[in-house]
Amino acid sequence: MKIGVVVFPGSNCDHDALHVAAAVAGQQAVPLWHESAELQGCQAVIIPGGFSYGDYLRTGAIARFSPIMGAVQHFAASGGPVLGICNGFQILCETGLLPGALMRNAGLRFVCRPAYLRVESTSTPFTAACRTGQVLSIPVAHGEGNYVATPEALQEIERHGQVVFRYCNATGEVTAAANPNGSRHNIAGVCSEGRNVVGLMPHPERASELVLGSADGLQIFASLLAHCRVAVTL
């Protein structure tokens with residue numbers, strides 16, 4: 001399959017995502033420049049981490065107006081699978097493709113360390129190969145990963161099963177100590193109501209090869225291939 005990775009000025013995880021999609025997952029992977037309004041026939045889109053447009057104003061605030069995001073919104077509306085990682089998650093929230101917003105970490109410090117995530121939903125293109133309750137070890141690296149929403153919005157997100165990942169400990173317990181940024185309800189990732197758009201703060205592309213200390217992030221990419229019925233052994 002053909003996977004597109006959006007590249008903004010300030011993106012710094014685009015090559016990581018391209019590497020995993022191509023060299024590890026064995027798929028065709030192409031960069032999608034922010035000034036383009038074409039997705040080049042891609043069957044899935046990844047919006048990677050980094051600091052799009054320097055994070056001026058606030059994270060994702062400028063990126064939402066780029067030509068490529070208009071194409072991504074149209075693609076998502078048609079049911080196309082879209083994954084936002086870290087800054088990509090922030091951008092998807094800014095565009096309204098995902099609910100809620102990402103604010104400064106509760107500790108007001110940049111956090112960069114391994115984290116444990118519990119899979120809460122397997123009914124998305126990016127968790128289809130996972131098990132509900134499965135614990136994944138995937139690192140975080142962000143200063144504004146504190147997921148927030150109004151109490152009413154949080155209630156709807158929970159009611160519709162849109163929480164995809166929660167921060168937990170190694171045994172899967174959702175605790176305050178396991179939460180690296182103060183996110184409401186320990187939320188690490190959510191999906192759209194249509195379930196085809198997913199955003200998460202941790203970086204699966206940085207944990208997709210054992211040489212990096214964990215290959216748990218590969219589950220995200222394996223899920224996409226399974227969802228799209230791509231026959232490949234990872």
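Spatially, region 71-121 and region 182-234 are offset by 12 Å when compared through their Cα centroids. Calculated [222 nm] ellipticity per residue, helices only, for the chain: -5500 deg cm²/dmol; basis is -39500 (n - 2.57) per DSSP H run with n ≥ 4, divided by all residues, nearest 500.
Model label sites at Leu210 and Ser137, defined 7 Å from Cα along the beta-carbon direction, differ in position by 1.3 nm.
Taking a ≥ b ≥ c as the square roots of the eigenvalues of the alpha-carbon gyration tensor, region 2-227 is classed rounded because a/c is under 1.5.
Rule-based calculations on the coordinates, nothing more; no lab input. Please read these numbers as outputs of a predicted model, since none were measured by experiment. All Cβ positions, glycine included, derive from the backbone under ideal geometry; neighbour counts span all protein chains shown.
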